Each structure stands twice: as C-alpha cells, then as structure tokens.
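Have a look at the structure below, then the notes.
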Amino acid sequence: MKRRSGGGGGARSGISPPVAEGTDLRGELEAELAGWFRQPETPIPDEAFQRLALGIFALQYHGNGAYRSFCRGRGRTPDDVERWEDIPLVPATAFKHLDLYSATGEPEVVFRTSGTSRGGGLRGCHPVASRALYRDACVPWFALNLVPEGGRLPVLSLVPGPEQAPDSSLTTMMAFATEALGTDTSGFFSSPDSGVDAPAFRDALSRAEAEDHPVLVMGTAFGWVHWLEACAREGWRFRLPEGSRLMETGGFKGRSRAVPREQLYRELEEGLGIPIRRMVNEYGMTELLSQLYEPVLRNPGAGAVAPGDRPHVPPPWLRVRVLDPETLTPCTAGQRGLLAFFDAANLGSVSAVLTEDVGWVDDAGLHVEGRAAGAEPRGCSLAMEELLGGSP
C-alpha cells in the first residue's frame, strides 16, 4: 500500500487555523515542554498535563489532514475533547502508510523503522520537526537513568554511528547521549558486514580495564548476541571496572536467533564483569520520541528484581494506558492488554499512539511482555481501516 500524504508541510487540505495562531500555540507548547524536559525527576501534575496534552491535540488536529479526518470520523475535535485519554489514538502501523507530519515547513529529520515488523517491507516513517526538541527530551531522562551520579564516562555503543544510520532514532538518541555525557574515548563500534566491529570494541574494553575507568556500554539485544558469539569464538573475557553499566534495548523481532533475556544477561555478566543489577533495559520505538527505562541505577533496589520481571518507568511527559485488544477500552490495574501512549515529545507528528505491544501497569511501572502474538489485534485493525478510509 502506497504511502499517502496527510498534509504535512506546505499546502494542506481541510480547514486550518491562521498561521499566527498555530505558530503562537507551537511556541507556547515548546517553551512549556522545554521546562519539563529540564527536570525529568519532577512529575507533571495531572491538571498541567491535561492542559499540555489538549494544546498538543489542537495543534496536531489542525496541522495534519489525515489525522483531522480520522478524529472527525470519531466525533472528536479540540472543541469537545476534555481529557487526554479521549484523544484519538493512531496505530503505530499508520506511520508506514500516512504522512503524520503536523508542523509547517520541512522536517529536520525523518526516522525510519527497520521494516521487520508486520507490514512486509514497508518502513514506518516518523517526521521530526526539531532535532533539538528530540535531544532535549532524550538527554536529561537518559542521564537520570544511566548516569544518575552525574559526570562523564566513556560511552561505547554497538550500533551504527550517525554517519551510517542518520535515519535511526536509536542511533540519534545514543549520539545525543554520547555528546552530552561521554568522554573523548567514546565511540560507535559497528561493522557493515557483521553488525559488530568486534576487534575495535575489544580494544576499547581492554583500554577501560587497563585504565580502571568505568564505562557505559550500549547495544541492541541482537548486537549483544553477536558480540557474545565473537567472544566465544575468540576466547575473550573482560572484567570492566566497578561502576560500569550496560544498556540493552530492543528484542529479536524478524531475527533468526532469540536468546531468553535472563540467559543473555547472565552471559553478559560473565563476559564483561558488569553485574546484572547494573544492566538497564530501554523500551522505545521509532514512532515515539520518548523512552522508558528500568530504574535499576537510580533505584538500586529495583536491580534485585529478576530481569524478566522488572518494570519500566516513563518520563513525566509520557503517559501510558493499557487497553483491551478487541474494544480498546481501558484495562484495570494489573490487567494485560495493548499498550498505548501519549508522548508530548511527539509535538511535530502525532502524540497519541496505539502499539501492538502487550503489557500491564501497576504501582511500580509498566511491565512489557512483547509483541502481541498472531494476527494484528482487532482494535488496531479497525482503527487503521478508519484512518485509511478517511484520509484525504
């Protein structure tokens, strides 16, 4: 199915507010968000979040024709929506088919998915109006969860660097974090052939051992599997300095091998010398500009929980809902369902996003199980049909 234009940038279909009105609203929202981004440890009061979310909805409703048609079809407009929970959700798969850009001018960057999830070879496209807004949302929250003690340390990443993958939201996030928190020995260690530049990464780890300086190592689950295979083949083993920590992100969707998370972490602990309690999983997706982390470094007690049972915590500007896969009605606390998010950082696209990931929420945070098994959940399918049927 070919990608349709939803009216992002330039001429738009439907009724739009005067440019001055949209520009003023966007500026106000950006200023408010900037303030919250600078203090990620401070919760946003419910009343303040409601105002923020409804302002974002108004901006996106008027700024994107496809989204506006979808909302009208559901009888939802900025005039009658009073709660952020009632803002219409766009299925994440819609980023494969529609232009969901809600800002004026051209996007500064378009992030693309790997194309390995449902939808064949189509890649989701997330147009981002401001790289600076993405950076400001990423870095303080990353720092709080990965370097809560402050300062800088070498950041070693097993993903392609920004030059190799300029359209990767993950690479861009890691590059922002490295620039803000890393030292001059930081780097990206990726090979176009094998995915991991194992000799260079080995040298960087050996240098950290020799200098007795803690490091932050980061990679996808599949990248770590490649690294462990190289270690087993070459007989490499490391004991990284105390205070080192590891970030692991992503699963194995569309890959040929999968390793249970507990097994992966045990092998990483044995091969790197980083305790499991200092391994942080990040949950994120191309369609969101905010990330969720396990708070094991800023809350050491959380590190005692088994890796498969650890909750993820969202930043204050990201709200999570769990919905029934068939009806999209809210689940009760602790009940398993589809995950839906309102990400205020998605200012230039669509903030209300429905995923095909499954999990539940309790007082500790979000428990992510993974992708819904089998066919596309009925609630996502119906919402997608409405979007495609009503888009201009």
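The values are calculated or read from the model by the stated rules, or taken from the named source; none is laboratory data. Being a predicted model, the structure only gives us computed values, none of them experimental. As a convention, Cβ positions derive from the backbone with ideal geometry for all residues, glycine included, and neighbour counts pool all protein chains shown. Accessible surface is based on the protein model in full, side chains and every heavy atom, while ligands, DNA and RNA are left aside. Shrake-Rupley method; radii C 1.70, N 1.55, O 1.52, S 1.80 Å.
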In debye, nearest 20, what is the charge dipole magnitude of the chain about its Cα centre with +1 on Lys and Arg Cβ and -1 on Asp and Glu Cβ, if you could check? 880
The base-10 log of I(q)/I(0) that the Debye equation returns for region 158-205 at q = 0.17, 0.22, 0.27, 0.28 Å⁻¹, one scatterer per C-alpha, is -0.49, -0.79, -1.06, -1.10
Please list 3J(HN,Hα) in residue order for region 181-188, calculated via the Karplus relation 6.51 cos²θ - 1.76 cosθ + 1.60 where θ = phi - 60°; whole Hz, with x for glycine and proline. 10, x, 9, 6, 9, 6, x, 10
The relative contact order of the chain, taking Cα pairs under 8 Å that sit 6 or more residues apart, comes to a percentage of 18
Cα long-axis angle, helix 221-234 against the chain (0 to 90 degrees, to the nearest 10): 20
Amide H neighbours of LEU289 under 5 Å, at least 5 residues apart or on other chains, H built in the peptide plane: list them. ASN346
Label model pair ALA180, ALA31: point-to-point distance (7 angstrom along the Cα→beta-carbon line) in nm is 2.2
Could you give me the ³J(HN,Hα) list for region 195-211, computed from phi with Karplus coefficients 6.51, -1.76, 1.60 and θ = phi - 60°, whole Hz, x at Gly and Pro? x, 10, 7, 4, x, 5, 5, 4, 5, 5, 5, 5, 5, 4, 4, 5, 8
What number comes out for accessible area per residue over the chain if the probe is 1.4 Å? Units Å², please. 42
Among beta bridges that DSSP assigns inside the chain, antiparallel share in %, nearest 5: 60
Summing Lys, Arg as +1 and Asp, Glu as -1, what charge do residues with Cβ under 10 Å from the Cβ of PRO241 carry, PRO241 excluded? -3
Kirkwood-Stokes translational diffusion coefficient of the chain, alpha-carbon pairs, 10 °C, 1.306 mPa s, µm²/s: 73
In degrees, nearest ten, helix 378-390 long axis to first principal axis of the chain (Cα): 50
Counting only protein heavy atoms with a 1.4 Å probe and every protein chain in place, the carbon and sulfur fraction of the accessible surface of the chain in whole percent equals 50
Once GLU262 and ASP203 are pulled to full extension, the length gained, defined as 0.36 nm per residue separation minus their Cα-Cα distance, is 18.6 nm
Could you give me the radius of gyration and the Dmax of region 196-311, taking only the C-alpha atoms into account and expressing both in angstrom? 14.1, 40
Size of region 289-333 as Cα extents on the principal axes (Å, biggest first): 38, 24, 15
Relative to the first principal axis of the alpha-carbon coordinates of the chain, what is the inclination of helix 261-272, with its axis defined by its Cα atoms, in degrees from 0 to 90 and to the nearest 10? 40
Name the residues whose placed amide hydrogens come within less than 5 Å of the amide hydrogen of THR183, ignoring near sequence neighbours (fewer than 5 apart) on the same chain. LEU153, VAL155
